[in-house]
Structure formats: C-alpha cells, structure tokens
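Asks: I have a structure I would like to understand better, so I am pasting it below and will then ask my questions one at a time.
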C-alpha cells in the first residue's frame with residue numbers, strides 16, 4: 001500500500017468520523033435540557049443500590065450525596081458491602097448519621113459464574129424484592145451526586161419512558177496523567193457508542209455508563225434481571241444490550257450533575273482501568289484485536305507520521321487528517337476545561353490506549369483478565385455470558 005493510499009485512507013476515515021458517526025465529537029449529548037422537562041404530579045419511589053468493595057476513601061461522600069438529594073418522592077439507599085477489609089460498611093453507616101433510609105447489606109461470597117460487581121448488585125436487588133419502588137438507581141461508591149441529580153434523571157425517565165436512562169458522570173481530570181488520558185477515554189467511548197445511536201430505538205448500538213444507571217424495574221425484571229448478564233465484565237454495556245434486545249428504549253448522555261471521586265494519579269492507574277475490560281470489548285478475539293490495533297494506527301498514528309515525515313500529496317493529506325483529528329477532539333477538551341491546543345497531542349493518547357488494549361489481551365492470556373480489587377473474574381463464564389448476550393441481541 002503506497003503512502004498516498006494510506007494518506008487517502010486516513011483522511012477518508014476522519015471524514016466518516018466527523019460526518020457519519022452521529023456527530024459524537026461535538027460532545028453535546030448531555031442533560032443540560034433536564035430543568036425544562038415536565039415534572040410529574042407525584043414523584044415515584046426510587047431505590048438506590050451502591051456496590052462497594054474496599055471503598056473507604058469515597059463511600060462517605062457517595063452516601064451523603066445520595067441522602068442529600070432534593071428528590072420529592074420516596075428514596076432509599078442500599079449499600080452492598082462486598083466483603084470489604086477497610087471498614088467500608090462502618091464508614092457508610094457513620095456518613096448517614098442515623099438516616100433510616102440507608103441499609104448496609106453484608107455481601108456473601110461470589111458464586112461461580114458471577115462477576116463481582118454484578119453479584120453485589122444482584123444481592124442488593126434481592127434485598128429490595130418487596131420494595132414497591134418502580135425505579136432502581138445503580139450508582140458507584142466513588143460517585144458524588146449534586147442535589148438535583150436523581151430528580152432530573154427521574155424526569156428524564158418519565159419522558160419517553162426509556163427502560164434505561166444513564167449518565168456518563170464527569171471523570172476526574174486533575175493530575176497530569178488524567179489531563180492527558182481521561183478526555184481521550186470519553187472521546188473514544190463516544191466514538192465507539194455514539195450517544196445519538198444509543199438513543200435511537202431502531203439502531204442496534206447499545207451502551208450505558210455504569211456510574212449512574214436508572215432502570216425501569218418492571219422492564220428489567222422482564223429482561224431477566226442481573227442473572228441474565230451475571231458473567232459480563234463490561235456490566236454497564238451488557239445491561240444496555242440486554243434492555244435494548246428486549247425492546248427497551250435507552251437514554252444516555254453526559255452530565256455535570258454527578259462526578260467521579262476516583263483519582264488516577266499515574267498513567268499506570270489508567271492503564272489498569274482500561275486493560276481490565278478492553279479485550280472483553282473485543283469479544284476476546286485475536287482477529288478483532290489485530291484489526292483494532294491496525295485501525296488505531298491508521299486513524300490516529302498515521303496522520304502525524306505522514307505530516308512530519310512524508311512528502312508531497314501524502315504529507316498534505318496526513319496534515320489534513322491530523323487537523324481533522326484535532327478539530328474532533330477539541331470539544332471534549334473544552335468540556336474538561338482544557339485548552340483545545342492539547343488536541344494536537346491526541347495521537348500520543350491514542351498510542352497509549354493502543355498499548356493498554358494489547359496489555360488487556362496479554363492479561364487475559366495470563367489468567368489475569370478482568371482483575372478488579374485484587375480479584376480476577378471467571379474467564380470461561382464471562383465469555384459464555386458475553387456470547388449468549390450477543391446471540392440474544394443478534395436474534396432480536
């Protein structure tokens with residue numbers, strides 16, 4: 001393949017990403033319109049589940065933010081302490097200051113075939129079996145919600161009646177590693193799962209952001225509940241695929257109303273976060289891994305290399321593709337309060353994610369796939385669960 005053909009291919013790829021991928025790069029698919037949504041005459045009850053395993057550093061803030069909601073309907077919170085060793089349960093109780101809406105459930109050992117977070121969520125759901133709340137909110141132990149977060153999300157759920165409404169919370173972007181890599185993570189997520197396609201009932205694209213998911217409990221129960229996805233590592237997207245496969249509508253958007261408290265001070269912290277699930281996203285397929293590496297190289301690495309080292313037409317085409325890349329990345333950087341000039345460094349961030357993805361495959365091969373909180377998830381059960389869910393989606 002000549003340099004000219006490569007340059008033409010990479011520029012064509014960026015034309016498709018800019019014009020034919022749901023305009024994900026504009027980073028405008030968010031919940032800013034929530035205050036204008038109609039409010040119900042009576043607010044439905046919401047049951048909140050927070051799975052927590054060794055979350056002593058953040059659980060207090062998470063609990064306080066849920067219990068401080070200005071929600072006008074009944075709200076209760078169940079924290080599932082997943083065998084923590086750092087006093088997470090006691091900190092959660094102390095943070096509630098005796099608020100009777102909080103219950104802390106001691107999680108049991110994980111059965112074969114379940115991933116850790118989904119088992120904790122299932123136990124929380126079982127504890128709420130007799131609770132009449134029509135909505136179930138799943139949120140993480142490192143998420144802080146603004147006072148109107150639940151109210152605005154319920155408003156969203158009552159408009160159009162999505163079976164699942166999810167907010168991609170604002171991630172921390174403070175350390176040098178975070179400023180370099182976290183906006184790119186959000187950009188890549190939107191590129192893989194354009195939010196407008198996720199919201200389209202006729203599109204097969206399905207995704208959710210696990211830090212904040214509001215479920216219609218009846219629809220979720222009809223779809224099989226947590227047991228239907230018990231082995232999934234990427235539990236949020238598996239949940240979204242499950243709901244969409246059963247005819248449920250999905251709403252997904254960015255938000256400033258909830259934020260992650262989890263720090264990623266070093267590149268290695270982000271590498272572990274990405275490597276835990278990247279190979280699972282590729283279906284554990286070596287062929288898809290090779291294709292992904294080649295695709296990332298063509299789309300993100302070839303433009304600067306051509307612009308800097310090629311000559312003539314390939315150089316101009318490479319420079320144009322690099323400019324298109326920077327144009328696409330700039331809106332995401334602005335959302336994080338960063339200079340759009342950083343967009344020129346997107347190829348470096350893409351190279352890092354390429355390496356993280358390869359590392360994910362190597363970890364899977366070494367029996368360390370899906371490692372989280374010092375515990376590896378069950379490989380065979382995980383793959384069987386993902387494959388079954390993909391078959392169900394394809395048959396829909």
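Asks: How do 116-124, 95-103, 195-203 rank on mean C-beta neighbours within 10 Å, highest first?
Replies: Top of the packing list down: 116-124, 195-203, 95-103.
Asks: Please give the peptides 297-304, 106-113 ranked by average Cβ packing (other Cβ atoms within 10 Å per residue), highest first, as a rough proxy for protection.
Replies: Ranked by mean Cβ neighbours within 10 Å, highest first: 297-304, 106-113.
Asks: So how much slack lies between residue 159 and residue 83, counting 0.36 nm per residue of separation and subtracting their Cα-Cα distance, in nm?
Replies: Additional length available on full extension: 23.5 nm.
Asks: Please work out the Cα center distance from segment 307-341 to segment 82-101, rounded to the nearest Å.
Replies: 48 Å
Asks: A follow-up question, please. Please give the helix 286-296 orientation as an angle from the longest Cα principal axis of the chain, in degrees from 0 to 90, rounded to the nearest 10.
Replies: 60 degrees
Asks: In terms of the ratio Rg/(2.2 N^0.38 Å) built on C-alpha atoms, what value belongs to segment 152-219?
Replies: Cα Rg divided by the expected 2.2 N^0.38 Å: 1.29.
Asks: Another question, if that's okay. Hey, what angle do you get for helix 346-365 against the long axis of the chain, alpha-carbon based, 0 to 90 degrees rounded to 10?
Replies: 60 degrees
Asks: So what's the angle, to the nearest 10 degrees on a 0 to 90 scale, between helix 3-19 and the longest Cα principal axis of the chain?
Replies: In the chain, helix 3-19 runs at an angle near 30 degrees to the longest axis.
Asks: Quick one: length gained pulling residue 203 to residue 127 fully straight, 0.36 nm per residue minus the C-alpha distance?
Replies: Contour length minus the Cα-Cα distance gives 23.9 nm.
Asks: Oh, and also: Multiply the residue separation of residue 341 and residue 288 by 0.36 nm, subtract the distance between their alpha-carbon atoms, and state the gained length in nm to one decimal.
Replies: 15.8 nm
Asks: Mind giving me the nanometre distance, one decimal, between the label points for residue 315 and residue 256, set 7 Å out from Cα along Cα→Cβ?
Replies: For the pair residue 315/residue 256, the computed spacing is 4.3 nm.
Asks: Looking at the chain only, what percent of DSSP beta bridges run antiparallel? Nearest 5 please.
Replies: The antiparallel fraction comes to roughly 35 percent.
Asks: Okay, helix-only estimate at 222 nm for the chain: each DSSP H run of n ≥ 4 adds -39500 (n - 2.57), divide by all residues, round to 500 deg cm²/dmol; what do you get?
Replies: Dividing the helical sum by the residues of the chain leaves -15000 deg cm²/dmol.
Asks: Name all residues of segment 173-200 having a backbone nitrogen under 14 Å from the label point set 7 Å from the Cα of residue 351 along its Cα→Cβ direction, giving them as ranges.
Replies: none
Asks: To continue, here is another question. How big is segment 28-264 on each of its three principal axes, counting only the C-alpha atoms and giving the largest first in Å?
Replies: Between the extreme Cα coordinates on each principal axis of segment 28-264 lie 46, 44, 40 Å.
Asks: Which values of log₁₀ I(q)/I(0), to two decimal places, follow from the Debye formula for the chain at q = 0.10, 0.11, 0.12, 0.14 Å⁻¹ with a uniform point scatterer at every Cα?
Replies: Scattering profile of the chain, log10 relative to I(0): -0.67, -0.81, -0.96, -1.31.
Asks: Then there is this: Give the calculated FRET efficiency between residue 101 and residue 28 to the nearest 0.05, with a Förster radius of 30 Å applied to their Cβ-Cβ distance.
Replies: The pair residue 101/residue 28 has a calculated efficiency of 0.30.
Read-outs: derived from the displayed coordinates by stated rules, not from any lab. Remember, it's a predicted structure, so these values are computed and weren't measured experimentally. Don't worry about glycine lacking a Cβ; one is built from the backbone with ideal geometry, like all the others, and counts go over all protein chains shown.
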